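Below: one structure, written as structure tokens.
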Amino acid sequence: MKEYNPKVYDHLVKLPGFSEQSVRTHLALYQEHVNNTDLLAEMMREWLTVGKSATIEWAEMKRRFAWEFNGMRLHECYFENLTPDPKPLNVQSQLYGKIEEDFGRYELWEQGFKDTGGMRGIGWVILAFDTLTGRLFNLWLDDHDIGILVGTRPLLVMDIFEHAFFPDFGLGRQEYVGAFFKVIDWERVENRLAAYLKGQPTVVGEDVVSRQ
């Protein structure tokens, strides 16, 4: 039973600053995450049914599933916050105001996000929204599953695996980060924040009050 299907992002092959070949290769890698997520989900269901869930093999499938599933979802967030027709972030937007509120100035947030992307290692950089307090954080994730803050939701996602930048930029990681900022779909990021705020619970002392 196939539960997940690759989403189509063919419009990104004309992404400014990125070669068509590198984008198509990246999309093919994403499709592998989707296929492996489906495969592992089905295998674990079958092994559970026949009573093999207390085995080393089942445990390794369970661990691998988180890696493949997060790889699938993070790539979807990444591709969906890119656009071949970018527009600047609206300084009057709720997102801009929230960034200034939590980081002091937009420029400080951007520098922090870019510097996080310049860290040695492979993984992801995420502007994340804490659903309990409403606070924003710049996160670094090793691989796909190490460093996630429980209860946060992604607003802006940047892939820092070598496959994302090496074909076009070689070792120029900062050049890739700069090119990424030129193709951000800020409207998509703003819509994510609006959706999260709509149902955001706010912590008041020991009580949780739902914002409607």
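Read the figures in this text as sums done on the coordinates, not as results from a lab. Here the structure is a predicted model, which is why all the values come from computation and not from measurement. When we count neighbours, we look across all protein chains shown, and the Cβ atoms used for this are built from the backbone with ideal geometry, even at glycine.
Each label point was placed 7 Å from the Cα along the Cα-to-Cβ direction; for LYS198 and ARG135 their separation is 2.7 nm.
The simple spin-label model puts a point 7 Å past each Cα toward its Cβ; for PHE181 and LYS52 those points are separated by 5.1 nm. Each helix, a run of at least 4 DSSP H residues, gives -39500 (n - 2.57); summed and divided by the residues of the chain, these come to -16500 deg cm²/dmol at 222 nm. The amide H of LEU139, built 1.01 Å from its N in the peptide plane, has ILE126, LEU127, ALA128 as neighbours under 5 Å, considering only residues 5 or more places off or on other chains. Stokes-Einstein, applied to the Kirkwood radius of segment 130-187 over Cα pairs at a viscosity of 0.692 mPa s and 37 °C, places its translational diffusion at 249 µm² s⁻¹. In the elastic network of the chain, a GNM with C-alpha springs shorter than 10 Å, the most mobile of ILE184, ILE122, ILE160 is ILE122. Is the C-alpha gyration tensor of the chain telling us rounded, prolate or oblate? Criteria: a/c under 1.5 is rounded; beyond that, a/b larger than b/c is prolate, otherwise oblate. Verdict is oblate for the chain. With a Förster radius of 41 Å applied to the beta-carbon distance between LYS2 and ASP168, the computed FRET efficiency rounds to 0.80.
Straight-line cross-link partners of LYS62 among the aspartates and glutamates, defined as a Cα under 14 Å from its Cα and at least 8 positions apart when in the same chain: ASP38, GLU42, GLU46, ASP145. Spatial offset of segment 1-61 relative to segment 94-160 amounts to 25 Å, using the alpha carbon center of each. Counted residue by residue at 0.36 nm each, then reduced by the alpha carbon distance between them, the extension gain from ARG188 to ILE122 reaches 21.3 nm.
Quick check: from the Cα gyration tensor, does segment 96-169 come out rounded (a/c under 1.5), prolate or oblate?
Oblate, since a/c reaches 1.5 and b/c is not below a/b.
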